[in-house]
Amino acid sequence: MVKIPEQNSPTIAKLFAVYEAKKDEPREHLGASEIGRECDREIWLRWRHALPPSFDGRMKRLFNTGTREETRVISDLRAAGLEVCDFDSSGRQIRFEALAGMFGGSVDGMVRGLVECPEKWHVLEIKTHNEKSFRDLVSKGVEKSKPAHYAQMQVYMGLSEVDRAFCVAVNKNTDEIWGERVRFEKKDFDSLMDRAEKIIKRDSAPEKLSQDPSFWICKMCGFHGMCHGHTVAQVNCRTCVHGYANKGWRCGLVDDLTTKPCDQHLHNPDLMSLKKSDKRTEDMEAIFYEKDGKEIAEVSKGAQPTPGIPQYSSMELHEMSLSDDSWVAVGSEAHTKTRDYFGGRFTKNGE
Ligand code: SF4
Ligand code: SF4
């Protein structure tokens, strides 16, 4: 009999590939779930859609596990006799927003009938945790242990004008459940709203949380390559120097934004990993940067070439920045001359 190899079946990889193939659309708004994060810069980069979410199939399935657990907990609460509203009258998740829809999010539900406070409605927030995270929560409480979750609840309470929340935490290892009530704190809410507004409206990137690439929060952050490496932001209207926030995302050049960036895109210089050149100022068609002691230009379509300066489209710079080998070549006049001779364009790894 042929021995079955002792390795994970390739069928499992196929299963995860289904999750991986699911496209994540970026959020149009800044989510309440993000506003309590440690780093202002990370929140700003997320709001600006600086990089696409890059979760593998396993992680996407894990998120799905969290969503499934929410449904289960709501069903458990109802079975225990509590009243839970998890959808509005049009069948959508109950949503609260502010700043002309640019900030907000959807609650997991509103719950009434808690044993310790039967009459009052509470904002319901359900989270899953691994063993370590769960123990930390139980020992310190949600405000100290999970400040981002605490902030999310403060925002939902403030926007819904409900003065209490009920946080349900499920231990994924043991199925223990921890419930904690949280009171509305106006001071915290005001400061979170202020933080959201400032981040949404600012054109420049907030300071880095740390200049040290090995700082533990930076090491775990999806923007590590932008803050501590050479990654250039992706190309979309949120990363464009002509875009700005005003009751939604607007453009200084185009009245009606479509979902796709136009060929006038130039990166907001704070979303580049290069220093802007002191010698030249940007105009509507080109922004100049320094790389390895030389000047390069990022140009929009139709820009007049500047003799002696290698020039690139914003998409070329983004794609080349994703590969160390390609990035080394940025700034080489010989490379750009060859590209122009053949009428080509640079891509990641020369694909
Ligand atoms: S890498 Fe560090 S500084 Fe940059 S966004 Fe992430 S946490 Fe903030
Ligand atoms: S110039 Fe083009 S890419 Fe830039 S914000 Fe306007 S429409 Fe978007």
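Throughout, read-outs are computed from the coordinates displayed, never taken from laboratory work. Nothing here was measured: the structure is a model prediction, and the numbers come from that model. Here the Cβ positions follow ideal geometry from the backbone for every residue, glycine too, while neighbour counts run over all protein chains shown.
Working note: Karplus 6.51/-1.76/1.60 with θ = phi - 60° gives region 243-248 the couplings x, 7, 8, 7, 6, x Hz, where Gly and Pro are set to x. When TRP47, TRP178, TRP216 are sorted by how many other C-beta atoms sit within 10 angstrom of their C-beta, beginning with the fewest, the order is TRP216, TRP178, TRP47.
Of interest is the spacing of the C-alpha centroids, which for region 49-69 and region 190-247 amounts to 20 Å.
Just to be sure I understand the curve: with the Debye formula and one point per C-alpha of region 26-201, what is log10 I(q)/I(0) at q = 0.09, 0.10, 0.15, 0.17 Å⁻¹? Debye intensities relative to I(0), on a log10 scale: -0.31, -0.39, -0.92, -1.19.
The local environment of ARG164, defined by Cβ-Cβ distances under 10 Å, has a net charge of +2 under the rule Lys, Arg +1 and Asp, Glu -1. Close amide H contacts of HIS242 (hydrogens built in the peptide plane, cut-off under 5 Å, sequence separation of 5 or more or a different chain): LEU266. 3J(HN,Hα) couplings calculated from phi for region 61-73 with the Karplus curve 6.51 cos²θ - 1.76 cosθ + 1.60 (θ = phi - 60°) are, in sequence order, 5, 5, 4, 5, 4, x, 5, 5, 5, 4, 4, 5, 5 Hz; Gly and Pro show x.
Take every DSSP beta bridge whose two residues both sit in region 230-350; close to 85 percent of them are antiparallel. Remark on ASP108: its backbone amide H falls under 5 Å from those of LEU124, ILE126, a criterion applied only to residues 5 or more positions apart or on other chains, H modelled at 1.01 Å from N. When the pairs LYS23/LYS144; LYS144/LYS201; LYS247/LYS276; LYS146/LYS187; LYS120/LYS186 are compared against a 23 Å limit on Cα-Cα distance, LYS23/LYS144; LYS144/LYS201; LYS247/LYS276 fall above it. Using the Cβ of ALA13 as centre and a radius below 15 Å, the other residues enclosed give a net charge of +2, where K and R count +1 and D and E count -1. Bridges between two residues of the chain, per DSSP, are antiparallel at a rate of about 75%.
Pairs of alpha carbons in region 2-127 separated by more than 17 Å make up 72% of all such pairs. The equivalent ellipsoid of the chain has semi-axes of 43, 26, 18 Å, largest first, where each one is the square root of 5 times an eigenvalue of the Cα gyration tensor. Here the label points at VAL254 and ALA21, each 7 Å from Cα along the C-beta direction, are separated by 3.0 nm in the simple model. Take every Cα pair under 8 Å whose residues are at least 6 apart in sequence, average their separation, divide by the length of region 196-253, and the relative contact order is 25 percent. P(r) tail, region 251-351: Cα-Cα pairs separated by more than 24 Å, 19% of all pairs. Between the beta carbons of ASN64 and LYS275, assuming R0 = 51 Å, the FRET efficiency works out to 0.75 to the nearest 0.05. 3J(HN,Hα) along region 154-171: 4, 5, 5, 5, x, 6, 8, 6, 10, 8, 8, 9, 10, 9, 10, 10, 10, 7 Hz, from the Karplus curve 6.51 cos²θ - 1.76 cosθ + 1.60 with θ = phi - 60°, whole Hz, x for Gly and Pro. A full extension of the chain between SER214 and SER323 corresponds to an added length of 37.2 nm, given 0.36 nm per residue minus the alpha carbon distance.
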